[in-house]
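Derivation of every value follows stated rules applied to the coordinates shown; laboratory data play no part. Predicted model only: the values in this text are computed from it and were never measured. Ideal geometry is used to build each Cβ from the backbone, glycine not excepted, and the neighbour counts take in all protein chains shown.
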Amino acid sequence: MKRLIIPIVVFFLAVAPAMQAQSAAAKDTLATTVTAADTLAADSAMAVIDAELSASDSEADADGGGLHKQLKRKFMEGSAGFMSLVALALVLGLAFCIERIIFLTLSEINARRLMHDLDERIEAGDIEGAKDICRNTRGPVASICYQGLLHINEPLEQIDRQLTNYGAVLVSAMEKGCTWIRLFIAVAPSLGFLGTVIGMVMAFDRIQTAGDISPAIVAEGMKVALITTIFGIIVAIVLQFFYNYILTKIERLTAQMEESAITLTDAIAKHKSTNGKTEK
């Protein structure tokens, strides 16, 4: 029995390394094949994507380029005089909008923190320190508080009247330039409609000169008319969005001014009551 087992063990010890080497070689071959297949598939996918991008670029070039190029071309196809006026309305309107947005953004402060500091100074009797805080703080909220502190020795009714009148002045200052924005919002589509009417008149003049109703002549005049109208409406819509944003900022600042004025009046009334009791 031992003689039979010994040759079998020797056989397996001799064959096992060869079988392991063959299995490892098979695994390497399979991995290499899979890697090559994946690389080939990736290259094929990239080639398809490049072909699609090239086709898209070709279609874009055939259609006249991107959106900005199409807008530029349409702008040039419109009536030069009226399209220039519409563009001028857009530029001037945006200039007023940007100026108002910057002004109102710089006017915004932490009103609650300001009123907390003023309340502490007024309660401590440091009126000059409260005035210094208002002078060193930007914005209409600090301005209206400073105006109230200037009249702190007057009766509360007079202080309230001063705050109301000065608040109206500050609101008017915040709305400065909004009239011009409303003007450009109204003028832009009006210029577009005027260009439409003139384009129609030009089309009828050409028909009369040619003595025949040609589709090309009518289409050219209608095209100019409609392009001016479209751009006028677009300008009005853009300016309207900015104008509504400006009104939102003005309303928020006005609400802060009213709330701060009420808080300041209460602090002054408390200060007067405390001083009156002390004097007695």
Cβ-Cβ cut-off under 15 Å around residue 262, Lys and Arg +1, Asp and Glu -1: the net charge is -3
Between residue 258 and residue 154, what FRET efficiency comes out of the Förster formula 1/(1 + (r/R0)^6) with R0 = 25 Å and r the beta carbon distance, rounded to 0.05?
0.80
Treat each spin label as a single point 7 Å out from the Cα along the C-beta direction, and report the residue 190 to residue 135 distance in nm.
4.7
Just to verify a number: FRET efficiency for residue 102 and residue 223, C-beta to C-beta distance, R0 = 45 Å, to 0.05?
0.70
Summed side-chain charge close to residue 167 - residues other than residue 167 whose Cβ falls under 13 Å, Lys, Arg +1, Asp, Glu -1
-3
Apply 1/(1 + (r/R0)^6) to the Cβ-Cβ distance of residue 175 and residue 269, taking R0 = 30 Å, and write down the FRET efficiency to the nearest 0.05.
0.45
List the relative contact order of the range 81-275 as a percent without decimals, with contacts defined as Cα pairs under 8 Å and 6+ residues apart.
35
